[in-house]
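Undergrad: My questions will all concern the structure given below.
The values are calculated or read from the model by the stated rules, or taken from the named source; none is laboratory data. Every value quoted in this text rests on a predicted model; they were computed, and no experiment measured them. Heads up, the Cβs are rebuilt from the backbone with ideal geometry, glycines too, and the neighbour counts pull from every protein chain shown. All accessible areas refer to the heavy atoms of the entire protein, side chains included, with ligands and DNA or RNA removed. Shrake-Rupley method; radii C 1.70, N 1.55, O 1.52, S 1.80 Å.
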Amino acid sequence: MNHPQLLELFASALAIDIKKVTPDLAYGTIPEWDSTAHMILIAEIEDKFDVMLDTDDIIDMSSVAKADEIINKYLIQQ
Amino acid sequence: MLFELEPYSIKKEQKQPLLQQELSALTKHHQQHCSDYARLIQTQWPNLSLPVANTQALPYLSVRLFKQIGLKSITDEQVFKTLYSSGTTGTPSRIMLDNQTAAVQSKILVKIMQQWLGKARLPMLIIDHPSVVKDRANFSARGAGIQGLAFMGRNHCYALNDDMSINWPSLEAFCTKFADGPILVFGFTFMVWQHFIQQLISHKKTINLPQATLIHSGGWKKLIDQAVDNQTFKQTAKQTCGISKVHNFYGMVEQVGAIFVECEQGYLHCPSYADIIIRQPNNWQVADFNQPGVVQLLSTLPKSYPGHSLLTEDRGIIIGEDDCRCGKKGKYFKILGRLPQAEARGCSDTFETGQAS
């Protein structure tokens, strides 16, 4: 994880215990991470990291580790 | 796999063999995982041999069956989301999704919409009220559409209050902030017409969203009763909202994801992942292009329920394949309206009389 602060962000956006947030936690495997929560998550990531994610990123963001990777891609470009 | 390909780039020579293969595999999958489906196929298509030689030979279910019985190919524990049809004709359909099918549906919907909207997420005005997506485990057709399209947007704003009145402060704030740039406006056809455009007119108000794209879906039946056709709809959207890019799309809650979007020429287009067949209502034989009949829809997406080949209750006509002037490949068609009630019932009767071929 390049951005460990993501774990806390996930816990708060999905309203789950931070202990449940691991890099391999995947979209759709827990009821709390559904499409509605996904949009909340995206908005919070954009806000916190000051990035603009496109529609490909939203679809690719299938796990916590993947989110970390996507954020990295944007931060390196900056 | 078809869902790895671009939505409008492949021609029939490449598409049809892949469709046959994937839909035959899905038929087999559902026979093995849904006993009601296996029984229906055994009764109606006793001589079925898989893989089929062409997609026309695939078994098809009447869409009514999803209202009558809850068909699914997953266990109760695997049900991640349940979708309900709008249920204008009594009992709603129930479509059960596991996380895999739900994820594929979202992904394909985004892939198709990227072709019409681009990849950037646009400020999004939703012509509905926020309560329509409140229950997160059970979605109406409207909720599912909004939820799916929401992935294409940012700064989502609901234009209506719970009582269907326009939320003027929200609408005005949205327009002040975003009206000058590209915007996505989405709503169900009837909601856009009745509860937005008509309300603007009755309040003698207009808004101006010159760079907006309006995407709408959900059937014309109620509007045809008011003598509103596609052209009137577009003209009025231009007059009241300043929107000149308007795309209707056709699709069923029973086949979320692989939707059929209307091009600039006014035709609905099959994406790579879906196809249309027209059948004659009297004998269920396949109709030729330019011959109206009952719409059968094929989709390679439904894995958690046997909805990959469905006979709808809509009438339609295929105009052509791979040669639309808009440049997109795939079959393109028009929807002509709903079947009369008696004929619609006839569709499900095929399962009692065994007329299917």
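Undergrad: How many residues does the stretch B:137-161 contain that are of a type in the set (A, V, I, L, M, F, W, C), within 11 Å of chain A (Cβ to nearest Cβ) and open to solvent by 20 Å² or more (accessible area, probe 1.4 Å)?
TA: Residues meeting the conditions: 1.
Undergrad: Looking only at the stretch B:208-232, count how many residues are at pLDDT 95 or above and either at positive phi or surrounded by 19 or more Cβ atoms within 10 Å (Cβ to Cβ) (or both).
TA: Residues in the stretch B:208-232 being at pLDDT 95 or above and either at positive phi or surrounded by 19 or more Cβ atoms within 10 Å (Cβ to Cβ) (or both): 6 in total.
Undergrad: Which strands (runs of 3 or more DSSP E) does the stretch B:43-161 wholly contain that include 3 or more residues that are at pLDDT 90 or above?
TA: B:94-97, B:122-127, B:153-158
Undergrad: In addition: When the residues of the stretch A:40-53 are narrowed to those that are free of Cβ contacts under 8 Å to residues at least 12 places away in the same chain and either surrounded by 16 or more Cβ atoms within 10 Å (Cβ to Cβ) or in a helix (DSSP H, G or I) (or both), which ends up farthest from the chain's Cα centre (by Cα)?
TA: Of everything passing the filter in the stretch A:40-53, A:D47 is farthest from the chain's Cα centre (by Cα).
Undergrad: In this structure, does A:I71 turn out to be in a helix (DSSP H, G or I), open to solvent by 10 Å² or more (accessible area, probe 1.4 Å) and either modelled with pLDDT under 95 or away from every other protein chain (no Cβ under 12 Å) (or both)?
TA: Considered against the rule, which asks whether it is in a helix (DSSP H, G or I), open to solvent by 10 Å² or more (accessible area, probe 1.4 Å) and either modelled with pLDDT under 95 or away from every other protein chain (no Cβ under 12 Å) (or both), A:I71 comes out as no.
Undergrad: Would you mind finding the one in B:K177, B:K134 that is more than 9 Å from chain A (Cβ to nearest Cβ), among the basic types (K, R) and over 20 Å from B:F80 (Cβ atoms)?
TA: Values: B:K134 fails: over 20 Å from B:F80 (Cβ atoms).
None of the others qualify; the one that does is B:K177.
Undergrad: Regarding the stretch B:115-128, can at least one residue be identified that is more than 25 Å from B:L209 (Cα to Cα) and in contact (Cβ under 8 Å) with a residue 12 or more places away in the chain?
TA: no
Undergrad: Here are some conditions: (1) modelled with pLDDT under 95; (2) surrounded by 22 or more Cβ atoms within 10 Å (Cβ to Cβ). B:W284 meets all but one. Which one does it not meet?
TA: (2)
Undergrad: Mind checking which residues of the stretch B:244-275 are free of Cβ contacts under 8 Å to residues at least 60 places away in the same chain and part of a strand (DSSP E or B)?
TA: B:K245, B:V246, B:N248, B:F249, B:E262, B:A274 - these are the residues of the stretch B:244-275 that are free of Cβ contacts under 8 Å to residues at least 60 places away in the same chain and part of a strand (DSSP E or B).
Undergrad: Filter the stretch A:1-28 down to the residues that are among the β-branched types (V, I, T) and open to solvent by 50 Å² or more (accessible area, probe 1.4 Å), then identify the one that is farthest from B:K107 (Cα to Cα).
TA: Quick first cut of the stretch A:1-28, residues among the β-branched types (V, I, T) only: A:16, A:18, A:21-22.
Pick out the ones that are also open to solvent by 50 Å² or more (accessible area, probe 1.4 Å) and you get A:18, A:22.
Values: A:I18: 27, A:T22: 23 Å.
Ranking the qualifying residues of the stretch A:1-28, first place goes to A:I18.
Undergrad: Give the residue that is farthest from B:A102 (Cα to Cα), with candidates limited to residues of the stretch A:7-35 that are of a type outside the set (A, V, I, L, M) and within 12 Å of chain B (Cβ to nearest Cβ).
TA: Pass one, the stretch A:7-35, residues of a type outside the set (A, V, I, L, M): A:8, A:10, A:12, A:17, A:19-20, A:22-24, A:27-29, A:31-35.
Pick out the ones that are also within 12 Å of chain B (Cβ to nearest Cβ) and you get A:27-29, A:31-35.
Numbers: A:Y27: 10, A:G28: 8, A:T29: 11, A:P31: 12, A:E32: 14, A:W33: 12, A:D34: 9, A:S35: 9 Å.
Here the residue is A:E32.
Undergrad: Another question, if that's okay. Of the numbered conditions (1) in a helix (DSSP H, G or I); (2) buried (at least 19 other Cβ atoms within 10 Å of the Cβ), A:W33 satisfies every one except a single condition; which is it?
TA: Exception for A:W33: condition (1).
Undergrad: Would you pick out the residues in the stretch A:54-65 that are within 13 Å of chain B (Cβ to nearest Cβ), open to solvent by 30 Å² or more (accessible area, probe 1.4 Å) and not acidic (D, E)?
TA: The answer is A:I59, A:S62.
Undergrad: Please determine whether any residue of the stretch B:228-243 is out of contact with any His (no Cβ under 7 Å at 6 or more places or on another chain), in the same structural domain as B:I126 (by the TED database), aliphatic (A, V, I, L, M) and assigned to a strand (DSSP E or B).
TA: If we filter the stretch B:228-243 for residues that are out of contact with any His (no Cβ under 7 Å at 6 or more places or on another chain), which is where we start, we get B:228-243.
Next cut, in the same structural domain as B:I126 (by the TED database) only: B:228-243.
Still in the running and aliphatic (A, V, I, L, M): B:228, B:237, B:243.
Checking which are assigned to a strand (DSSP E or B) leaves us with none.
Among the residues of the stretch B:228-243, not one is out of contact with any His (no Cβ under 7 Å at 6 or more places or on another chain), in the same structural domain as B:I126 (by the TED database), aliphatic (A, V, I, L, M) and assigned to a strand (DSSP E or B), which makes the answer no.
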